[in-house]
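Taken together, the values in this text are just the output of simple stated rules run on the coordinates, not laboratory data. Since we're looking at a predicted model, the values are computed, not measured. A quick note on method: Cβ atoms are made from the backbone with ideal geometry, for glycine too, and the neighbour counts reach across all protein chains shown.
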Amino acid sequence: MKSILDAVTSPHAGPADIAALPLPESYRAVTLHADEADMFAGMDSADKDPRKSLHVDDVAVPELGPGEALVAVMASAVNYNTVWSSIFEPVPTFAFLRRYGRLSALAARHDLPYHVVGSDLSGVVLRTGVGVNAYKPGDRVVAHCLSVELEAPEGHGDTMLDPEQRIWGYETNFGGFGEIALVKSNQLLPKPEHLTWEESACSGLVNSTAYRQLVSTNGANMTQGDNVLIWGASGGLGSYAVQYALAGGANPVCVVSSPDKAELCRRMGAETVIDRGAEGFRFWSDPHTQDPGEWKRFGRRIRELTGGEDVDIVFEHPGRETFGASTFVAKRGGTIVTCASTTGYLHEFDNRYLWMNLKRIIGSHFANYAEAWRANRLIAKGRIHPTLSQTYRLDDAGQAVHDVHANRHHGKVGVLCLAPREGLGVRDTELRRTHRAAIDRFRR
Ligand code: NAP
C-alpha cells in the first residue's frame, strides 16, 4: 500500500504509472461481521455501541467489473447510514447484500460475511473496468453514493427511480471506509481542488441529498424569499441545507439544540435560530401522545422571528418526534419535504392541518447523478462549503461513528484512510485562500 500511496500523491506519476502499479491482494477496511448481527439484541438504540460492532480487517481486493473503478481512498466521512448499519437497525445490512447478490454473478461479489461500510470518499482512481471512458487511472475524484443498474425504463428519467437503486457502502459492499473502494464509474465526480482530501470527502452524500431535497424540482423547489424551517441545522444534512437556503435567497429558520450549534448557524450567515434545548420544546407529553399546545408555541416562536410569517418549506429528517409539529407549522400551501426518520419512522400528524390547508408532503432520497454533479460543482466553485468539524484515523472509525450516534458532533466527521495526516491534497491554493474562513467554520 505504501507504493500506491507514494504514486497517487506524487505530482510526477501519470496515468500509465498509476495503471502499472501492482494491486495488493488485500487492504485494510472498516467492516461489520454478519455473525455479530444479533450482538445488540434487546438493547435500546441509544445503548448500541458502534465501537463494538465496527472492526478494522484485512479484506480481499474485489475483482473489477465492467463500468467500475477501484479507487485509492485518501479520506472518507461518517454518514448516519453507518450509524444505522453499525447498530443493525432497522435491519442488518447483510439482508441488502444478500438481495443484491441474487441479481447477477457480478453483484454476487457483494454478498460476503463482512460488509465494508462508508458512503463517501475522496481519492485517486487506480483501475477502471471495461467500458469506462470518462475516468482513467490517476484521476483525482470524489464519489457520490448512488448505485444503479439502469436496465429498467423507470430510472431513465430520474436515476433515483431505478428499481435497482442502492446506496453504495450501505446497500452494497466495498464502501469508503477502507484503503481501496469499488464504485461504479458513474459515481465519480471531479475532486474540488481547493480542498484537502478530508474536506473534499465529507460533502458528497449530505450535500447531494440536501440539494435534491431543498433545491431540485424533484424536492421542495425552493425559491427566493422562502422561509425554510431546517431541523438539525448544524448537523450533516442541515449544515448544507442552511447554505442552500442562504445561497438561494431564502430565509433559513434554523433549529438546533445548544448555544454552540446556534453560533455555528450564525457563522454560516443565518439570522433566525431556535435553540430547541434552551426553549424546551416537547412535542410529545408521553411516548404515545403529542402535545398540540407545543406545536402552537413553536409556530408562534417562528412567527415572532419571521415578522409574522409561516414557513414555506420544512426540511424534515428527525421524523417521529418532530413530524407532527412540522406538518402543523408549514404555511397554507406549504411543503414538508422528508428524507429520514432518525427518531422513529412511524409518524403521526393531524391530517386536518394538512388537507384543509392544502399542504404537501414530499419524500426525497439521496440524488440522481445530475443533481449530485450540480451539488459537487457548487462545492468546487466555492459557493457551498464543507462543514467538516474533525477527523479520525481509520482505526478509530468506530469512535467517529459513535460520536455521530450520540449527537456529539458538529457538521461532518471525517475519516482519514490512506491520507497520513490532515491538510494534504490541495492544488488550487488561490481559491482556497479566498474561502478559507468559510471552509474552516466548523473546525473544532
Ligand atoms: P446528523 O449529522 O446527526 O444531524 C441530525 C441532526 O438532527 C442533529 O444535528 C440534531 O440537531 C437533530 N436532531 C436529532 N434528534 C432530534 C430531535 N429529537 N428533534 C429535533 N432534531 C433532532 O445526521 P444527518 O447526516 O443530518 O442525517 C439525519 C438523518 O437523515 C439520518 O437519519 C440519516 O440517516 C438521514 N439521511 C437520509 C438521506 C437520504 O438520502 N434519504 C441522506 C442523508 C441522511 P440538534 O440536536 O442540534 O437539534
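Please report the orientation-averaged projected area of region 179-237, defined via the convex hull of its C-alpha atoms, in nm². Could you put the intermediate results ahead of the total?
On the way: hull surface 24.4 nm².
Value for region 179-237: 6.1 nm².
Just the isolated ones, please: cysteines in the chain lacking another cysteine beta carbon under 4.7 angstrom.
Isolated Cys, the chain: 145, 202, 339, 417.
Restricting the count to DSSP beta bridges whose residues both fall in region 221-363, what percent are antiparallel, rounded to a multiple of 5?
Working: 2 of 22 bridges.
Beta bridges within region 221-363, antiparallel portion: roughly 10 percent.
Enumerate the whole-percent occupancy of each 10 Å bin, from 0 to the last occupied one, for all C-alpha pair distances of region 124-215.
Whole-percent P(r) values from 0 Å outward: 15, 45, 35, 6.
Ranked highest first by average number of other Cβ atoms within 10 Å, how do 318-331, 372-385 line up? Don't skip to the end; give the middle numbers.
Working: 318-331: 23.3, 372-385: 19.7.
Top of the packing list down: 318-331, 372-385.
Expressed as an acute angle from 0 to 90° and rounded to the nearest 10, what is the orientation of the C-alpha long axis of helix 292-306 relative to the principal long axis of the chain?
Once rounded, one gets 80 degrees.
Which residue fluctuates the most in the chain, going by a Gaussian network model with Cα springs under 10 Å, if the choices are 351, 227, 218?
Looking only at 351, 227, 218, the largest GNM fluctuation is found for 351.
Which GluC sites (Glu not before Pro) in region 245-320 pass both tests, a DSSP loop state and at most 15 other beta-carbon atoms within 10 Å?
Numbers: sites: 263, 271, 279, 294, 304, 309, 316; in loops: 271, 279, 309.
Within region 245-320, the qualifying GluC sites (Glu not before Pro) (loop, at most 15 other Cβ atoms within 10 Å) are 271, 279, 309.
Can you give the charge dipole size of the chain about its Cα centre, rounded to the nearest 20 debye, using +1 on the beta carbon of Lys and Arg and -1 on the beta carbon of Asp and Glu?
Details: 47 positive and 53 negative charges, 253 e Å.
That gives a dipole near 1220 debye.
Relative to the first principal axis of the alpha-carbon coordinates of the chain, what is the inclination of helix 429-439, with its axis defined by its Cα atoms, in degrees from 0 to 90 and to the nearest 10?
Compared with the principal axis, the helix lies near 40 degrees.
So how tilted is helix 259-268 from the main axis of the chain? Cα-based, degrees 0 to 90, rounded to 10.
Approximately 70 degrees, to the nearest 10.
May I ask for the Rg/Rh ratio of region 272-337, computed from Cα atoms with Rh as the Kirkwood radius, given to two decimals?
On the way: Rg = 11.5 Å, Rh = 12.2 Å.
The Rg/Rh ratio comes out at 0.94.
Just the C-alpha atoms of region 221-363: what Rg/Rh do they give, with Rh taken as the Kirkwood radius?
Working: Rg = 13.8 Å, Rh = 14.9 Å.
Expressed as Rg/Rh, it is 0.93.
Translational diffusion coefficient of region 9-114 at 10 °C, 1.306 mPa s, Stokes-Einstein with Kirkwood Rh over Cα pairs, in µm²/s as a whole number.
On the way: Rh = 16.3 Å.
Translational D for this selection: 98 µm²/s.
Region 306-444: D in µm²/s via Stokes-Einstein (Kirkwood Rh, Cα pairs, 20 °C, 1.002 mPa s)?
Values: Rh = 18.2 Å.
Stokes-Einstein gives a translational diffusion coefficient of 118 µm²/s.
Cross-link list 191/412; 2/184; 261/412; 136/184; 184/412: which exceed 20 angstrom alpha carbon to alpha carbon?
2/184; 184/412
Comparing 16, 245, 37, which has the greatest mean-square fluctuation in the GNM of the chain with Cα pairs linked when under 10 Å apart?
Comparing 16, 245, 37 in a Gaussian network model of the chain, the most mobile one is 16.
Through the Karplus equation 6.51 cos²θ - 1.76 cosθ + 1.60, θ set to phi - 60°, convert the phi angles of region 146-152 into ³J(HN,Hα) values in whole Hz; use x for Gly and Pro.
8, 10, 10, 9, 6, 9, 10
Can you pull the Kirkwood radius for the chain, inverse mean 1/r over Cα pairs, to one decimal in Å? Before the final figure, lay out the partial values.
Numbers: mean 1/r = 0.0451 Å⁻¹.
Kirkwood radius, the chain: 22.2 Å.
Once fully extended, how much extra length lies between residue 309 and residue 12, figured as 0.36 nm per residue of separation less the alpha-carbon to alpha-carbon distance?
Working: separation 297, 0.36 × 297 = 106.92 nm, distance 5.79 nm.
Once the chain is fully extended between residue 309 and residue 12, it gains 101.1 nm.
Restricting to bridges with both residues inside the chain, how much of the DSSP beta-bridge set is antiparallel, in percent to the nearest 5? Intermediate results must be reported in sequence, preceding the final value.
Details: 35 of 60 bridges.
If I count the DSSP bridges inside the chain, around 60 percent turn out antiparallel.
If you build a Gaussian network model of the chain, linking Cα atoms that sit under 10 Å apart, which residue out of 155, 219, 235 swings the most?
Comparing 155, 219, 235 in a Gaussian network model of the chain, the most mobile one is 155.
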